[in-house]
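Read through the structure below, which is laid out as structure tokens, and then see the notes.
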Amino acid sequence: MLDLVAFIPRAVQQGIPLLFGSTGETITEKSGNLNLGIPGVMYVGAISGVIGAFFYEQGAGADNMNAFLAILIPLMCSLLGSLLMGLLYCFLTVTLRSNQNVTGLAMTTFGIGFGNFFGGSLIKLAGADVPSISLSATSAYFSHTLPGASSTGWFGKIFLSYGFLAYAAIIISLIAAYVLRHTRTGLHLRAVGENPATADAAGINVTRYKYVSTCLGCMIAGLGGLYYVMDYACGVWSNDAFGDRGWLAIALVIFTIWKPDLGIFSSILFGGLYILYLYLPSGMDHAEYKELYKMIPYVVTLVVLVITSMRNKRENQPPKSLGTNYFREER
Amino acid sequence: MSFHVSKRSDITTSKAWIIRIIAIVAALVVCGIVTTICTGDNPISIFTTIFQGAFGSQRKTFITLQYVAILLIISLALTPAFKMQFWNIGGEGQVLMGGLASAACMITLADKVPNAVVIILMIISSILAGAIWGLIPALFKALWNTNETLSTLMMNYIATQLVAYFVIVWEVPKGSGKIGIINQDSNVGWLINVAGNKYLLSIIVAVVITIGMFIYLKYTKHGYEISVVGESQNTARYVGINVEKVIIRTMILSGAICGIAGLLLVGGVNHTITTTISDGQGFTGVMVSWLAKFNPITMIFTSLLIIFMDRGASEISTAFELNQSFADILTGIILFFIIGCEFFIRYQISFVKANGKEEA
């Protein structure tokens, strides 16, 4: 029998990077930009935070680190790194009107390469005298749990045992859901994504909305990478460890039919599916079944994708201009 | 003074190429600067190293050409789908399935049937496996208009896990988690070495597929239907083209050619199968194809450029003990420049003086 008290926290920890990624991508897609560069952005967000933390730990020494700076520096580096990626994507697709799919894939190639390169070469480039990147001091600040996590039994384990970024992810997605649904800014953003020409005629600055939402989306997604490396992986960077979570985050956007608040539950569900193979019985001499269990999240995504397209409900459709660029003089 | 962007009505091919070459040169300069910062070496010797890495010896040249051939085949496979605006980013999975089918024949049929039969079955099964992996998302698209970008992406991971499963089923020795070289002693199922050169087969297949695809897209009725569907599905329906049929047919072709790439990788090049055998080329192929504007002949050059930088950059990483991913960064930079330069081909910027008079 599945031990839920042990299983749920692990599922949540797996789900939080996906939640960051899918919230970011939802905001981006609402403006009509299909950013397939999110996997790359999440790598860049992670490695930028690692670089910041690495230099701070090297500079200050693990013993006399300031808790505030230890969190602020990686956070700022991570946000800056993913912001730059977002600006690059916007410059190419919004200003230069390049194909969004190709730009996104190029960003993914670049971002994953960037992450793995600096992850593998940072020590050599910085000339530091350590065997591997292990930011346990910084990680300790990031994964600091809420008070009462260990004293309140199962309640604490399920609800209080996460680092602050996990709660930030949930708050951000709730805010995003509120802004998209109930504010004028959200209405304008949705208008831009549905029909930029009409939005433009109504006096909405299409370019600005696309830039701001895409960059904001990238910054949020980048935090997912930061959470993964600082909290989940305990500050240890290993190349390609982040894997294909970025792609799963993009798939989650469809799974959640473009609703960030739904993303909270779906990402935790996906996180659970992602690690389910560890809990399913496979017997002693059938290790190969585990590989089949690892297929589950992808099969589920595919099935959901097909079912949503079969039902074809109007309110569950992607933003109408998704994937296309807007040029005012081309109608 | 302000500027004004307008769409070019037309641009001469030579002018378009001048813009592209300027972009590539600019990209190489930026790559040089980045490499100089990371390694501290001077830019000229960096480019010498890159060139050495790609074409330094006859063997290196052949390996480079073989990489180009595989990437070219995958890009060509994706092209008809892109041309009809079907974003097949599932090349990775289709290649893997083709490779898996070949490996299955090699492993299960060795010593049971003659070598020639094994090879024929490998060819048939890998083409079929790739085609089926292309057909599934095409069916979803044709029946329910399912977003193909994401369905093909998911198919990639399903294929990866299938391969991972069979790798453990067939692992040699038990518990090692990998298959190793298949039929090392008997060489059953190893594709032939043309003229005693083990790199030549992929190159020949690539040339044949390039020419075939060029003719298919440009001079056949199928190719014409693909272009019409890509331009506008409504127009296609209006002139009586069965859009669903075109989508399904094209994706079967796309997947089948990816299957051939898998066959070459497993039967001709590596003689083993791993989950990373296609090494992201299903994604790189998307960019190769798009950069070449879906023209099979131009694709030879774009794939050569990408592989050249890739091989060269890995030479740099080895020489300076840097991480192999350095190649991805350089590839990314080049791609950004080429993607960006398309703007200047499609649009012209005219500067408007304060008195309202336009200058070109």
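Of note:
- From the list B:Phe320, B:Phe301, the one residue that fits, being surrounded by fewer than 21 Cβ atoms within 10 Å (Cβ to Cβ), free of Cβ contacts under 8 Å to residues at least 40 places away in the same chain and more than 8 Å from chain A (Cβ to nearest Cβ), is B:Phe301.
- All helices (runs of 4 or more DSSP H) inside region A:252-331 with 3 or more residues being within 8 Å of another protein chain (Cβ to nearest Cβ): A:288-293, A:296-311
- Flag for B:Ala327 being farther than 18 Å from A:Gly104 by Cβ, aliphatic (A, V, I, L, M), at the interface with chain A (Cβ under 9 Å from one of its Cβ atoms) and over 13 Å from the mean Cα position of the chain (by Cα): yes
- Count of region A:205-232 residues which are surrounded by fewer than 18 Cβ atoms within 10 Å (Cβ to Cβ) and more than 19 Å from A:Tyr178 (Cα to Cα): 3
Results for (1) closer than 19 Å to A:Thr23 by Cα; (2) buried (at least 20 other Cβ atoms within 10 Å of the Cβ); (3) at pLDDT 80 or above, shown as yes or no for each residue.
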{"position": "A:Leu252", "(1), (2), (3)": "yes, yes, yes"}
{"position": "A:Trp258", "(1), (2), (3)": "yes, yes, yes"}
{"position": "A:Gly263", "(1), (2), (3)": "yes, yes, yes"}
{"position": "A:Gly272", "(1), (2), (3)": "yes, yes, yes"}
{"position": "A:Leu276", "(1), (2), (3)": "no, no, yes"}
{"position": "A:Val300", "(1), (2), (3)": "no, no, yes"}
{"position": "A:Ile307", "(1), (2), (3)": "no, no, yes"}
{"position": "A:Asn312", "(1), (2), (3)": "no, no, no"}
{"position": "A:Glu329", "(1), (2), (3)": "no, no, no"}
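- Check on B:His222, more than 19 Å from the chain's Cα centre (by Cα), surrounded by fewer than 24 Cβ atoms within 10 Å (Cβ to Cβ) and at positive phi: no
- Any chance A:Phe20 is closer than 21 Å to B:Leu153 by Cα, touching a residue at least 60 places away in the same chain (Cβ under 8 Å) and more than 14 Å from chain B (Cβ to nearest Cβ): yes
- Counting only residues that are of a type outside the set (A, V, I, L, M, F, W, C) and crowded, with 22+ Cβ neighbours inside 10 Å, region A:233-250 holds 3 of them.
- Filter result for A:Tyr279 (more than 27 Å from A:Leu105 (Cα to Cα) and without any contact (Cβ under 8 Å) to a residue 24 or more places away in the chain): no
- The test for being at pLDDT 85 or above and surrounded by fewer than 24 Cβ atoms within 10 Å (Cβ to Cβ) does not hold for A:Phe110.
- Any hit, region B:171-183, residues being more than 14 Å from chain A (Cβ to nearest Cβ), more than 25 Å from the chain's Cα centre (by Cα), at negative phi and surrounded by 18 or more Cβ atoms within 10 Å (Cβ to Cβ): yes
- Test: residue in region B:161-173 that is among the small types (Gly, Ala, Ser), modelled with pLDDT of 90 or more and over 13 Å from B:Cys258 (Cβ atoms): no
The values are calculated or read from the model by the stated rules, or taken from the named source; none is laboratory data. In this text, all values refer to a predicted model and were calculated from it rather than measured experimentally. When we count neighbours, we look across all protein chains shown, and the Cβ atoms used for this are built from the backbone with ideal geometry, even at glycine.
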